[in-house]
1. Name the GluC sites (Glu not before Pro) in region 1-107 that are in a loop by DSSP and that have at most 13 other C-beta atoms within 10 Å, would you?
2. How big is the gap, in Å, between the Cα center of region 359-403 and the Cα center of region 89-137?
3. Using a Förster distance of 22 Å, how high is the FRET efficiency between Phe123 and Tyr71, based on the Cβ-Cβ distance and rounded to 0.05?
4. Count of lysine pairs in region 198-260 with Cα atoms under 21 Å apart, counting only pairs 8 or more residues apart in sequence or on different chains?
5. Given Cα pairs under 8 Å that are at least 6 residues apart, what percent is the relative contact order of region 182-257?
6. Assuming a strict under-29 Å limit between Cα atoms, what lysine pair count do you get for region 1-113 once near-sequence pairs (fewer than 8 apart, same chain) are dropped?
7. Could you work out how far apart the two model spin labels at Arg43 and Ser142 are, taking each label as a point 7 Å from the Cα in the direction of the beta carbon, and quote it in nm?
8. Using per-residue counts of other Cβ atoms within 10 Å, averaged over each peptide, order 214-225, 74-85 from highest down.
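Just so it is clear, none of the values below were taken in a lab; they were calculated from the coordinates. Bear in mind the structure is a predicted one, so any value in this text is a computation, not a measurement. Methodologically, a virtual Cβ is constructed for each residue, glycine included, from the backbone with ideal geometry; neighbour enumeration extends over all protein chains shown.
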Amino acid sequence: VYADPAKRLELYFRPKDPYCHPVCANRFPTSTMLLRVCRRTRRRQHMDTEEQIQPEVQFEMEILGIVTTVYKFQGMSDFQYLAMHSGPDGKQTSMYDKVLMLKPEKEEFFNRDLPLYIPPPIFSRLDTPVDYFYRPDIQHRSGYNNPQVSGENLIGLSRARRPHNAIFVNFDDEEIPTKPLDAAVQNWKKVCTNPVDKKVEEELRKLFEVRPVWSRNAVKANISVHPDKLKVLLPYLAYYMLTGPWRSLWVRFGYDPRKHPEAKIYQVLDFRIRCGMKYGYAATDMPVKAKRSTYNYSLPITVKKQGSHTVSVHDLKQGLGSAGTSGAKKPPSSRYKLKESVYIFREGALPPYRQMFYQLCDLNVESLQKIIHRNDGTESECTERDGWCLAKTSDDLRDSMSLMIKQIIRSTRPALFSTTTSSEDGKEQLAYESGEDEDDEEEEEEDFKPSDGSENEMETEILDYV
């Protein structure tokens, strides 16, 4: 604990009890001295017993060193949960000898009938009292109406929709919208107050004329527009697909990709960089670092969260920096622009994030395009999983892209693969050719904040509008 300044010192009242909840002490710098004090007492002997004996006391002090760090327990003790059972007569009976296995036991130990004992899964994260300042009632402008609240967003993860007025379409919906909502038109008219906004609108219209389906990251890489204004502009020109092969993408009004086989090039591919010992490198060896990891999550015994690990330009040839800039201030024409690597996959370059959502037309590798266009001219049915492509096309693309990324890591860090044998390479090639689905082995989805300009996840995209 002392070696890590972010850790808090834990004190257990019952160290041998695994159900004991500790109290934590905070770390503080100090400049105090550690003293060694010795008290010596020597009694005087007098011949007269009537006279009271006064002992002679001497103190000896020695400075042993300087203390630079102290731990202070300033918090309150949380609930202490005991493994007890309350009988019908109200008598409490300890269950530790029945629930704790201190030595190897036989089968009878596990088949005994015991009272139900379920400890709480989590305790409070706060151990210091705080004042909660209730907000006063918000004074809305005239004409404001409270949003409709349904039973779906009273309790749970869902909430009332934000007023971006986007139109959401599922793959099973029969009709697609041909024009935006009136509220979306009014919102954009309010925001479009200068010639720059009008120019951005025209640029986005031209993009949708050239290509009817776009991801938001692809738009942000082609147009310099403030993220808040883009949230209002996109519902004005396109609708949003929630499910199917075009999920998380914006589609031009009046265009139904389910009726056009040529729209398969705009389908989305959920690609995640695979890691693990079976691939020759662990998660800690990857050049593409995760922004947040569950391995570093140790609240409430930490003082603060670890800083986000953004991908630097030095690690990636075509990746995003921590702020998307190289230090110099960008001109207004490209201030909000992202780099092409956030939506285009090229051979020889690493993706900026471990999870990417690519459109098939943005996979700029000839071998990948051959996989996509294997059934050109023979498309017969558009399915929710594969769209207009052949079955297992996404799996074949992921396998090919994973081999490309492994070759990049092998060339930059050959020490990681020094023990790789030829037989392992054969197994790897066999797994690639068989097209096995290894999604369960892939890295967990990362969470990116919508404000940092790097939202590349379907959940983040949906939460901005739903």
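1. Glu50, Glu51, Glu105
2. The distance from the Cα centre of region 359-403 to that of region 89-137 comes to 51 Å.
3. Working: r = 20 Å, r/R0 = 0.92.
Here the calculated transfer efficiency is 0.65.
4. Close lysine pairs under the 21 Å cut-off: 12.
5. Working: 58 pairs, mean separation 25.3, N = 76.
With pairs under 8 Å counted, the relative contact order is 33 percent.
6. Lysine pairs satisfying the spacing and distance rule in region 1-113 number 9.
7. 9.5
8. Numbers: 214-225: 21.6, 74-85: 13.6.
Answer by packing, highest mean first, reads 214-225, 74-85.
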